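The values are calculated or read from the model by the stated rules, or taken from the named source; none is laboratory data. The structure displayed is predicted, hence computed values, not measured ones. Quick reminder, even Gly has a Cβ in these numbers, built from the backbone with ideal geometry, and neighbours come from all protein chains shown.
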Amino acid sequence: MTLPHLHTGSVKNIKGIKGQSPYVFEFSDRYSVFDWGAMPDNLEQKGACLAAMAQLFFKKMGEQDFWQEWNPEPKLINSNPLALELWNTFKKSGVSHHCLGLVDSQNNPSSEMTNSLAVEPVHVPQVSFDPATGKWDYSEYEKSPVKTLVPLEVIFRFGIPEGSSLMKRVKDPDYLQDIGLTKEPCPGDQFEIPVIEFSTKLESTDRYVRNNEAKLISGMNDVEFQKTKAFCLLLALRLKDMFFSIGIKLWDGKFEFAFDQTKDEQGNRNLQLVDSIGPDELRLTYNGIQLSKENLRRFYRNSEWYKKVEEAKGIARDRNEKDWKAICEKELNCAPAPLSQEQKMAASMMYKTLTNALYEKFEGKTLFENTWNLNLLTDKMERL
């Protein structure tokens, strides 16, 4: 059955019949950096890689055995009663998530390589922007909705690698206290227990927010908010160990959640893991070399286009306007240039090599032929 097109995102399309299950995430070979949307190039088989990795991560997180066999250091969890409670839940029933599995071009379940992933849909409210106040309207979340996307990206950080945006915020002592740090960190610092931050999800540009604002705009009560942080903690620690088993270091990343239809005994809403998990949501290194979308950011960070993007975002903030991209294109007359052939090849191989390494470890097979191994990949990346 062919499903109608619902939405075109910067890197994935969504198909489905509005309000009916399933929806299908169709991962494209496009990529996006710095919130620009689709960039000039496509990366060969990137979409199939993202679909395969998302399927693997959701599958493993949803398995009770995956949590029963895990042996984290007690000090990482024991001081957090909500995390211990959630871990016991995961050991009995796995993580609740919306993934239904890979599908073919006709949206039938598929065990073959594909770029499409079926998911249980959740409601995504449209928040509106008021230019007069410079604020976004989150009133729909005041009604404590269920089966609805949490309007936040929940970011975890195990350290501060090169390029970490956390360094832009650590000069504020109140913000440091908010994220649980007692002193200003330095690049290269690492944390046993991840620092957790929140940014907006439904606004035109992601905006980091303090805990109180995150709780307010999402309509969470105190317990639901703390449960969200505990959920993120467990997922981050488990994902870190998953990558460690193939020699890869996880530095930071983000999760997205939805309010589940179920509630706990006290009437607090439970959470469901949604969206996707992969190198576009994570920052990874192997032998100190970046193996994530940070490489694509790195290719552009010294460009004239990136400077104009930052300038356009500043102009938009000063004017209380949301469309900074139009300012960059029309007023500053600047758009991103294509990648070099060497950069495109290395970026494509990065996704395929990561997919193969994960599938070989956890599924006992590889998906792609004629790819590089991790050592060759990082050698190539280091030279670019």
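Only residues that are surrounded by fewer than 21 Cβ atoms within 10 Å (Cβ to Cβ) and hydrophobic (A, V, I, L, M, F, W, C): list them for segment 118-139, please.
124, 127, 129, 132, 136, listed by residue number.
So residue 330 clears everything in (1) loosely packed, with under 13 Cβ neighbours inside 10 Å; (2) touching a helix residue (DSSP H, G or I) at 6+ places or on another chain (Cβ under 7 Å); (3) of a type in the set (Lys, Arg) except one condition, right? Which one?
(2)
Being of a type in the set (A, V, I, L, M, F, W, C) and under 26 Å from residue 224 (Cα atoms) is the filter here, so list the residues in segment 147-181 that pass it.
Quick first cut of segment 147-181, residues of a type in the set (A, V, I, L, M, F, W, C) only: 149-150, 152, 154-156, 158, 160, 166-167, 170, 176, 179, 181.
Correct list: 149, 150, 152, 154, 155, 156, 158, 166, 176, 179, 181.
Filter segment 140-158 for residues that are buried (at least 20 other Cβ atoms within 10 Å of the Cβ) and either assigned to a loop (DSSP other than H, G, I, E, B) or modelled with pLDDT under 95 (or both) and give the result.
Passing the criteria: 150, 151.
For residue 223, only one of the following conditions fails: (1) out of contact with any Leu (no Cβ under 6 Å at 6 or more places or on another chain); (2) more than 26 Å from residue 96 (Cβ to Cβ); (3) of a type in the set (A, V, I, L, M). What is its number?
Result: residue 223 passes all but (2).
Have a look at 117, 86, 166 and point out the one that is assigned to a helix (DSSP H, G or I), under 20 Å from the mean Cα position of the chain (by Cα) and under 29 Å from residue 293 (Cβ atoms). Spell out the reasoning first.
On the way: 117 fails: assigned to a helix (DSSP H, G or I); 86 fails: under 20 Å from the mean Cα position of the chain (by Cα).
Every option except 166 fails the conditions.
May I ask you to list pairs of residues, at least six apart or on different chains, whose Cβ atoms are under 8 Å apart, with the first in segment 200-218 being among the β-branched types (Val, Ile, Thr) and the second being in a loop (DSSP other than H, G, I, E, B)?
Filtered contacts from segment 200-218: 200/151; 200/206; 200/207; 205/35; 205/322; 217/138; 217/151.
Among strands (runs of 3 or more DSSP E) lying entirely in segment 1-52, which contain 1 or more residues that are among the β-branched types (Val, Ile, Thr) and free of Cβ contacts under 8 Å to residues at least 24 places away in the same chain? Walk me through it before giving the result.
Details: elements: 5-8, 12-15, 23-27.
Result: 5-8, 12-15.
At pLDDT below 95, of a type outside the set (A, V, I, L, M) and surrounded by fewer than 17 Cβ atoms within 10 Å (Cβ to Cβ): is that true of residue 187 in this structure?
Details: at pLDDT below 95: yes; of a type outside the set (A, V, I, L, M): yes; surrounded by fewer than 17 Cβ atoms within 10 Å (Cβ to Cβ): yes.
In short, yes.
Does residue 267 satisfy being small (Gly, Ala, Ser) and either surrounded by fewer than 20 Cβ atoms within 10 Å (Cβ to Cβ) or in a helix (DSSP H, G or I) (or both)?
Working: small (Gly, Ala, Ser): yes; either surrounded by fewer than 20 Cβ atoms within 10 Å (Cβ to Cβ) or in a helix (DSSP H, G or I) (or both): yes.
Judged against the criteria, residue 267 is a match.
Suppose we filter 273, 284 for residues that are closer than 29 Å to residue 146 by Cβ and either free of Cβ contacts under 8 Å to residues at least 60 places away in the same chain or part of a strand (DSSP E or B) (or both); which single one remains?
Details: 284 fails: closer than 29 Å to residue 146 by Cβ.
Only one candidate qualifies: 273.
Which of the residues spanning segment 203-245 are outside any helix (DSSP H, G or I) and either at pLDDT 95 or above or touching an Asp or Glu at 6+ places or on another chain (Cβ under 8 Å) (or both)?
Narrowing segment 203-245 to residues outside any helix (DSSP H, G or I): 203-210, 219-221, 245.
Residues satisfying the conditions are 204, 205, 206, 208, 209, 210, 219, 220, 221, 245.
Is there a residue in segment 59-75 that is assigned to a helix (DSSP H, G or I), touching a residue at least 40 places away in the same chain (Cβ under 8 Å) and more than 24 Å from the chain's Cα centre (by Cα)?
Taking segment 59-75 as the starting set, the residues that turn out to be assigned to a helix (DSSP H, G or I) are 59-61, 64-68, 74-75.
With the extra rule that they be touching a residue at least 40 places away in the same chain (Cβ under 8 Å), the set shrinks to 59-61, 66-67, 75.
Still in the list and also more than 24 Å from the chain's Cα centre (by Cα): 75.
Yes, the conditions are met somewhere in segment 59-75.
Could you grab me the full set of residues in segment 93-114 that are under 20 Å from the mean Cα position of the chain (by Cα) and not in a loop (DSSP other than H, G, I, E, B)?
Within segment 93-114, 97, 99, 100, 101, 102 meet the criteria.
Please find, among 376, 339, the residue that is on the phi < 0 side of the Ramachandran plot, of a type in the set (A, V, I, L, M, F, W, C) and assigned to a helix (DSSP H, G or I). Explain how you work it out, then say what you get.
Details: 339 fails: assigned to a helix (DSSP H, G or I).
So the residue among 376, 339 that is on the phi < 0 side of the Ramachandran plot, of a type in the set (A, V, I, L, M, F, W, C) and assigned to a helix (DSSP H, G or I) is 376.
Would it be correct to say that residue 351 is under 30 Å from residue 122 (Cβ atoms), out of contact with any strand residue (DSSP E or B) (no Cβ under 6 Å at 6 or more places or on another chain) and either in a strand (DSSP E or B) or modelled with pLDDT of 95 or more (or both)? Spell out how you get there, then give the answer.
Numbers: under 30 Å from residue 122 (Cβ atoms): yes; out of contact with any strand residue (DSSP E or B) (no Cβ under 6 Å at 6 or more places or on another chain): yes; either in a strand (DSSP E or B) or modelled with pLDDT of 95 or more (or both): yes.
For residue 351, the condition - under 30 Å from residue 122 (Cβ atoms), out of contact with any strand residue (DSSP E or B) (no Cβ under 6 Å at 6 or more places or on another chain) and either in a strand (DSSP E or B) or modelled with pLDDT of 95 or more (or both) - is met.
Can you pull out the residues in segment 249-258 that are more than 30 Å from residue 141 (Cβ to Cβ) and either out of contact with any strand residue (DSSP E or B) (no Cβ under 7 Å at 6 or more places or on another chain) or buried (at least 21 other Cβ atoms within 10 Å of the Cβ) (or both)?
Let us first name the residues in segment 249-258 that are more than 30 Å from residue 141 (Cβ to Cβ), namely 249-251.
Answer for segment 249-258, where residues must be more than 30 Å from residue 141 (Cβ to Cβ) and either out of contact with any strand residue (DSSP E or B) (no Cβ under 7 Å at 6 or more places or on another chain) or buried (at least 21 other Cβ atoms within 10 Å of the Cβ) (or both): 250, 251.
Is it true that residue 346 is touching a helix residue (DSSP H, G or I) at 6+ places or on another chain (Cβ under 6 Å), assigned to a helix (DSSP H, G or I) and without any contact (Cβ under 8 Å) to a residue 60 or more places away in the chain?
Working: touching a helix residue (DSSP H, G or I) at 6+ places or on another chain (Cβ under 6 Å): yes; assigned to a helix (DSSP H, G or I): yes; without any contact (Cβ under 8 Å) to a residue 60 or more places away in the chain: yes.
Judged against the criteria, residue 346 is a match.
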